[in-house]
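Take a look at the structure set out below.
The values are calculated or read from the model by the stated rules, or taken from the named source; none is laboratory data. Fair warning: this is a prediction, and the values are worked out from it, not measured in the lab. Glycine also receives a Cβ, built like all others from the backbone with ideal geometry; neighbour counts cover every protein chain displayed. Ligands, DNA and RNA are excluded from the accessible area calculation, which covers all protein heavy atoms including side chains. Shrake-Rupley method; radii C 1.70, N 1.55, O 1.52, S 1.80 Å.
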Amino acid sequence: SSAPRSLAMDEDLPRAHIKRLVKHKLSTLDNVDAKGQSFEPNIQKEALTAYGECAKIFIHYLTATANDVCRDHKRSTISDADVLAAIEECDFGELVEDVRATLDAFRDAKRTKKARDAEAKETRDEGDDDEVEKRDDGGGGDGGGD
């Protein structure tokens with residue numbers, strides 16, 4: 001039987017996601033060695049662990065600050081506005097517009113999906129209605145004879 005996972009391990013962010021984020025950012029930077037040659041940097045496992053720990057600390061700090069903002073407004077549910085205010089309060093105001101744009105894109109995608117799902121349901125329901133009409137008009141189902 002394996003040992004139970006510690007709380008710290010349960011909070012670990014997926015290493016593959018961290019690596020993907022780091023590699024994506026590195027791909028946007030100019031990576032040139034001392035000779036002026038481009039290269040793709042490698043990332044040590046320990047560095048990924050450090051990134052993960054930093055992200056967890058940032059999330060914990062941001063959560064505590066957003067919770068304070070929420071409590072100050074006498075609410076018990078943290079909203080996106082609380083998180084944005086917490087970002088400002090933590091002196092990361094330059095991130096607010098990017099986060100707001102991501103939230104707007106998320107809401108738009110959600111609205112689009114909801115509209116698409118409603119349209120698909122309406123189309124299915126119309127198909128069901130047509131099927132019922134065909135059975136009703138199909139004749140002979142009334143049980144009455146000559």
Kindly indicate the residue of the range 13-67 that is of a type in the set (Gly, Ala, Ser) and farther than 22 Å from LEU84 by Cα and also least open to solvent (accessible area, probe 1.4 Å) among those meeting that condition.
-> ALA47
Is the range 47-66 home to any residue that is among the charged types (D, E, K, R) and at pLDDT below 90?
-> no
Index of the failed condition, GLY143 passing every other in (1) open to solvent by 70 Å² or more (accessible area, probe 1.4 Å); (2) at pLDDT below 95; (3) assigned to a helix (DSSP H, G or I) = (3)
What is the number of the single condition among (1) open to solvent by 100 Å² or more (accessible area, probe 1.4 Å); (2) at pLDDT below 95 that ASP125 does not meet?
-> (1)
Might you check whether a residue that is basic (Lys, Arg), within 19 Å of the chain's Cα centre (by Cα) and under 25 Å from ILE18 (Cα atoms) occurs anywhere in the range 42-52?
-> no
Between a first residue in the range 20-37 that is over 17 Å from THR49 (Cβ atoms) and a second residue that is hydroxyl-bearing (Ser, Thr, Tyr) and surrounded by fewer than 10 Cβ atoms within 10 Å (Cβ to Cβ), which pairs have beta carbons less than 9 Å apart while being 6 or more apart in sequence or on different chains?
-> ASP30/SER38; ASN31/SER38; VAL32/SER38
Yes or no: ARG71 charged (D, E, K, R), open to solvent by 100 Å² or more (accessible area, probe 1.4 Å) and touching a residue at least 24 places away in the same chain (Cβ under 8 Å)?
-> no
Residue hits (the range 78-109; in a loop (DSSP other than H, G, I, E, B) and either open to solvent by 100 Å² or more (accessible area, probe 1.4 Å) or among the aliphatic types (A, V, I, L, M) (or both)) are ILE78, ASP91
